[in-house]
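The values are calculated or read from the model by the stated rules, or taken from the named source; none is laboratory data. Quick caveat, the model's predicted, so the values are computed rather than measured. Ideal geometry is used to build each Cβ from the backbone, glycine not excepted, and the neighbour counts take in all protein chains shown.
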Amino acid sequence: MPWFKFGRQKAEQPATTVTEETCLHAALAPRWDRSEDIGHDDRASAFHCDSCGMTFTPEEAERIRADEAERLRRMLAT
């Protein structure tokens, strides 16, 4: 029986899976079709959620951001 247990692995905790129903889509990253448009969110062709992997149109991303802003306003008001 070793006295020191350096490098001993802790029991792995089960990974939580993020689904469309549980994801807040707070990590939306823009995607562009043309290199000239990079850096301009208004010219993005799509938005990719880094949390759940879903892709949204610019209109859907705007709605998601507005919904999240409203949720934060309500949360901070209480």
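Could you please give the count of residues in the stretch 43-54 that are surrounded by 14 or more Cβ atoms within 10 Å (Cβ to Cβ) and under 10 Å from residue 31 (Cβ atoms)?
The number of residues fulfilling the criteria is 4.
Quickly run through the stretch 55-78 and pick out the residues that are among the hydroxyl-bearing types (Ser, Thr, Tyr) and surrounded by 10 or more Cβ atoms within 10 Å (Cβ to Cβ). Full working, then the answer.
Just the residues of the stretch 55-78 that are among the hydroxyl-bearing types (Ser, Thr, Tyr), to begin with: 55, 57, 78.
Those that are among the hydroxyl-bearing types (Ser, Thr, Tyr) and surrounded by 10 or more Cβ atoms within 10 Å (Cβ to Cβ): 55, 57.
Regarding the stretch 11-31, can at least one residue be identified that is at pLDDT 90 or above, within 27 Å of residue 69 (Cβ to Cβ), surrounded by 10 or more Cβ atoms within 10 Å (Cβ to Cβ) and not aliphatic (A, V, I, L, M)? It would help to see each step written out before you state the result.
Residues of the stretch 11-31 at pLDDT 90 or above: 28-31.
Imposing the further condition that a residue be within 27 Å of residue 69 (Cβ to Cβ) reduces the set to 28-31.
Pick out the ones that are also surrounded by 10 or more Cβ atoms within 10 Å (Cβ to Cβ) and you get 28-31.
When the remaining residues are screened for being not aliphatic (A, V, I, L, M), the result is 30-31.
The answer is yes, given that some residue of the stretch 11-31 is at pLDDT 90 or above, within 27 Å of residue 69 (Cβ to Cβ), surrounded by 10 or more Cβ atoms within 10 Å (Cβ to Cβ) and not aliphatic (A, V, I, L, M).
Identify all residues within the stretch 33-78 that are under 18 Å from residue 23 (Cβ atoms), part of a helix (DSSP H, G or I) and acidic (Asp, Glu); write none if there are none. Give the derivation first.
Residues of the stretch 33-78 under 18 Å from residue 23 (Cβ atoms): 46-57, 60-72, 75.
Among the residues that remain, those that are also part of a helix (DSSP H, G or I) are: 60-72, 75.
60, 62, 67, 68, 70, listed by residue number.
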